[in-house]
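Below: the structure, in structure tokens.
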Amino acid sequence: MLARMEYSDADFPLHWPVQTRWTDNDMFGHLNNAIYYQLFDTAINAWIGTRAAVDAVTAPWLGVVAESSCRYFAELKFPSDLVVGLAVTRLGTSSVTYRTGLWADGGPVAAVGSWVHVYVDRQTRRPVPIPEDIRALMVGITAD
């Protein structure tokens, strides 16, 4: 069994509030594992969309998920006010790696993951540099 790495909300420079929905629980009474990925994706894209005034539908580029992972430490369930934590751990020319976290508001970190976005041209699907306004956001949440 892998040792639990201790994280706190301080390990995530950005905190994005999210809420659970009735349909998020599975038959075991806790948040289904796939929901964690949906919440990570939602927080990243909502943060970029609102802070950089990006319209993901019309932008000439796409941020596509190239890799993701999640380690679960505690159960979460509906109804809960949750927080997605984000930290940039690697910032390349066309890709970014985030450390992601999820916890109930005021509670310990329940899950920690990794999320890699690669920016590609919408038409050709070839890598392109991360747009400068988005890069500036990412620099602001770079982990030490």
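On each of the three principal axes of the Cα atoms of the chain, give max minus min coordinate, whole Å, ordered largest first.
For the chain, the Cα spread along each principal axis is 43, 33, 28 Å.
Using alpha-carbon pairs under 8 Å, 6+ residues apart, how would you state the relative contact order of the chain in percent? Mind dumping the intermediate values first?
On the way: 272 pairs, mean separation 42.1, N = 144.
Relative contact order for the chain comes out at 29 percent.
Could you give the nm distance between label points at residue 89 and residue 67, where each point is 7 Å from its Cα heading toward the beta carbon?
For the pair residue 89/residue 67, the computed spacing is 1.0 nm.
Restricting to DSSP loop positions (anything but H, G, I, E, B) with no more than 12 other Cβ atoms inside 10 Å of their own Cβ, which chymotrypsin sites (Phe, Trp or Tyr not before Pro) remain in region 19-118?
Qualifying residues, ordered by number: 28.
List the trypsin sites (Lys or Arg not before Pro) in region 13-105 that DSSP assigns to loop (not H, G, I, E or B) and whose Cβ has at most 14 other Cβ atoms within 10 Å. Which are they?
On the way: sites: 21, 51, 71, 77, 90, 99; in loops: 21, 77.
Filter output for region 13-105: 21, 77.
Go ahead and run the numbers for FRET between residue 27 and residue 124, Cβ-Cβ distance against an R0 of 41 Å, rounding to 0.05.
Efficiency computed from Cβ-Cβ geometry: 0.45.
Please list, by residue number, every one of the GluC sites (Glu not before Pro) in region 37-144 that is coil in DSSP and has at most 16 other beta-carbon atoms within 10 Å.
75
Can you work out the Karplus-derived ³J(HN,Hα) for every residue in region 34-44? Use 6.51 cos²θ - 1.76 cosθ + 1.60 with θ = phi - 60°, whole Hz, and x for glycine or proline.
5, 5, 4, 5, 4, 5, 4, 4, 4, 5, 4
Check residue 100: other-chain or 5+ apart residues with amide H under 5 Å from its amide H, H built from backbone geometry?
For residue 100, whose amide H was placed from the backbone, the distant partners under 5 Å are 113, 114, 115.
Just from its helices, what would the mean residue ellipticity at 222 nm be for the chain, if runs of 4 or more DSSP H residues each count -39500 (n - 2.57) and the sum is divided by every residue, rounded to the nearest 500 deg cm²/dmol?
-6500 deg cm²/dmol
No lab work stands behind these numbers, since they all come straight from the coordinates. Computed from a predicted model, the values in this text were never measured in an experiment. Positions of Cβ are backbone-derived with ideal geometry, glycine not excepted, and every protein chain shown enters the neighbour counts.
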